[in-house]
Amino acid sequence: MTRLFQSIEHLKSVSKTRYKVYQKIGVLTPYDLLYYLPRAYKDYREPVAAADAVPDMQNVVKVTVTEKKRPVMTSRGMQIFRADSVDDDGTELGIVIFNQRFTFMTLETGKSYIMYGKIVFNSTENRLNIQNPQLLKDMENPIEAIYPQTTGLTSPMVRTNIKECLQILDELSFETLPSEIRDRFGLMALPKALHAIHQPETLEQIDEAKHRLAFEELLRLQLGLYLLKIRAEKKTEYPMQKTDMQPFFDSLPFSLTSAQEKAVREIVSDMAGTSPMNRLLQGDVGSGKTAVAAAACYFCARNGCQSVLMAPTEILAEQHYKTLTGFLEGLGISVTLLTGSLTAKQKKTAYAAIADGSVQVIVGTHAVFQKAVEYQKLGLVITDEQHRFGVAQRNALARKGGAPHKLVMSATPIPRTLALMVYGDLEVSVLNVMPNGRLPVQTFAVTGKLRQRAMNFLIQELEKKHQAYIVCPAIDENQDSDSELKAVTAYAEQAKQSVLKNWNLAVLHGQMSAQEKEETMKKFHQHEIDVLVCTTVVEVGVDVPNATVMLIEDAERFGLSQLHQLRGRVGRSSLQSYCILITEHATEEARERLKLLSSTTDGFQVAEADLKLRGPGDFFGSMQHGLPPLKLAKLTDTKMLHDVQEAAQFLILSDPNLQKPEHHALYTDIFYLFSKYGLNELD
């Protein structure tokens, strides 16, 4: 087994130069190379008639050589070899070979050959020629694997190296899945699957191999997350006692929803246990996750411990800081902000307060887990929009404390069928009840012809002393010169001079400095700005209760879930709010997306539809950044998801730590893959 996981430089067919190329693309061992999968295949088994060959494209033809011509030398020293041939239908095809004497010498008059090459029409000869053909008469694989293009690495090179890796695999008889799993779910043996995907004899073999490897991808991810979870179930250094939460509840200017109350009970129960909490708080936009997080911080502080809330952007961190300060400081709990834009003096002051325990709640960006930050007694780690950090970063912060409790929050709902797969290392709390007094956001999808009417409606809301967002998908007009995107800066300038000339406008986009963003959002929050023309930098977390209109230009350019997140920036109070989606050149699929968004405000329904419409894409990667990526598995394949969960349960029940001899290869596979992506907690 060791030979599969040793450095790839030990392969006979890998030179030092090629080894460096493999390193750059993350292929470090023979095992990695076996999972460096083809992007496509060339099927040489069914030649086309010469008359049906597609000019200027690669074609497979079967011809008989009728005459070989004398070589010609060009003035630049190039040798051109020519031959005549005819196919079975009697159609003539010229053969032209540049500087490849050996290939030309291989051809024999009167013999038939299967050739693969570019077909070009020669107007002088008034016939088709095949240029520099590859001769396939004695080819080893009738279906040839084509690998992703990388500088310094061709498909023939990869095929040669993989052939050697497959020989090692055969000698070791390496198999990750127990026979009972393979038999129950009708899966190929691993060596057979890897041979079939790299050296297929039929197209059916490729499909069968992909099914086996996709199943294994999902299974090892599910089992890996499960193993991360049980490794985390050690004793925390800061056990907590249940305390009276009523003072916190009484201090709130509103009543918690039933879903919020349930989530708080689950969190308090977890934190009062002997093992660290590992929980996901999943709620739709505006469902009140921050109030639940504040309750967790209160409970932690009452137990003499510190809490950290980490957000992906400074805007969101600053907003959380203000919100938690409002919730907690009246109860005698100090809150501080720690972000990269603080001055050196401010950071020094914050570091000292964190180290001596005089501050109990720390809110910030990734700055909160930098080396210079030392916590006195870190008992709770909260990450907001956690998919933007990833498992590795989340765990890096957790290592700052003595096995602290972990709460991760996400406003990106996912279908329930995927929750176990995507968040397999976490228990899940769901906020599926909106706070009292919130009205559903009314959503309208219109074409550009109705833009003026939409703008008039927006002005009516401004006249009621309300505010509005206008979202554009680009910053500068030359960012995408071939499109008709409404650029933020140009859009705002034009609006100031025309339809919105009587209102205060400002722009907000990702290329502004953190200070500029904060100043702009502060002015918008204080209603010094009426209309914010922005990019999707406002997608998450920005909370201005007085904003009642979200107008999105070129809405067809955005994904369904992203539009739902943007819509969530309005409807943050008891005021009726509106989302207007303007499209210019919407496809049928885009129209279907926008129609669905107009018909529901349920984020879980939106996520389910988005997954069906977009397909799997990088859905897993975006939700759990930092985990091994999926190459073959499709998260829309509910049958496979169900089978994988059944297989995982079977294995966990029979061997919770995967330590039995028959599971050694599977554990090795999981450990190697997770370690490669920085998740060493399985060790």
Using θ = phi - 60° and the Karplus form 6.51 cos²θ - 1.76 cosθ + 1.60, what ³J(HN,Hα) does each residue of segment 207-212 get, whole Hz, x for Gly and Pro? 4, 5, 5, 4, 4, 4
Please report LEU596, LEU93 as a ranked list, fewest other C-beta atoms within 10 angstrom at the top and most at the bottom. LEU596, LEU93
Rounded to the nearest 0.05, FRET efficiency between GLU125 and PHE102 (Cβ-Cβ, R0 25 Å) equals 0.50
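Beyond 22 Å between alpha-carbons counts as too far, so tell me which of LYS68/LYS111; LYS371/LYS406; LYS289/LYS347; LYS234/LYS377 fall in that bin.
LYS289/LYS347
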Enter the angle in degrees (range 0 to 90, nearest 10) between the Cα long axis of helix 344-356 and the first principal axis of the Cα atoms of the chain, meaning the one along which they spread out most. 70 degrees
For each of ASP56, ASP43, ASP270, count neighbouring Cβ atoms within 10 Å of the residue's Cβ, then give the residues from fewest to most. ASP56, ASP43, ASP270
Please get the size of the charge dipole for segment 45-135, origin at its Cα centre, with Cβ charges of +1 on Lys and Arg and -1 on Asp and Glu, quoted in debye to the nearest 20. 540 debye
Which FRET efficiency value, to the nearest 0.05, is calculated for ILE652 and SER251 with the Förster distance at 45 angstrom and r the Cβ-Cβ distance? 0.55
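Taking a 30 Å limit on the Cα-Cα distance, which of the listed pairs LYS345/LYS523; LYS163/LYS639; LYS210/LYS235 fall beyond it?
LYS163/LYS639; LYS210/LYS235
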Grab the beta carbon distance between LEU331 and SER7, set R0 = 60 Å, and tell me the FRET efficiency rounded to 0.05. 0.60
Based only on other Cβ atoms within 10 Å, what is the fewest-to-most ordering of GLU662, GLU556? GLU662, GLU556
Net charge dipole size for the chain [Lys, Arg +1 and Asp, Glu -1 on Cβ; Debye, nearest 20]: 1420 debye
Relative packing of 246-259, 458-471, which averages over residues the other C-beta atoms within 10 Å, highest first: 458-471, 246-259
C-alpha long axis of helix 258-271 to longest principal axis of the chain, angle in °: 80 degrees
So which trypsin sites (Lys or Arg not before Pro) in segment 485-544 end up in coil per DSSP with only 15 or fewer other C-beta atoms within 10 Å? LYS501
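Helix-derived [θ] at 222 nm for the chain: sum -39500 (n - 2.57) over DSSP H runs of at least 4, divide by residue count, nearest 500?
It comes out at -12000 deg cm²/dmol, rounded to the nearest 500.
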Treating the angle as unsigned and between 0 and 90°, give the value, to the nearest 10°, between the Cα long axis of helix 488-497 and the longest Cα principal axis of the chain. 50 degrees
Between the alpha carbon centres of segment 61-135 and segment 427-470 the gap in Å comes to 67 Å
Along each of its three principal axes, how wide is the spread of alpha-carbon positions in the chain, in whole angstrom units, largest first? 96, 70, 48
Choose one of LEU136, PHE98, ASN59: the residue whose Cα lies farthest towards the positive end of the charge dipole of the chain (beta-carbon charges +1 Lys, Arg; -1 Asp, Glu; about the Cα centre). PHE98
Sorted by chain and number, the residues with a modelled amide H under 5 Å from that of LEU338, at a separation of 5 or more or across chains, are VAL363, GLY364, THR365
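Bear in mind these aren't lab numbers, they're just calculated from the coordinates by the rules spelled out. Bear in mind the structure is a predicted one, so any value in this text is a computation, not a measurement. We place every Cβ from the backbone using ideal geometry, glycine too, and count neighbours over all the protein chains shown.
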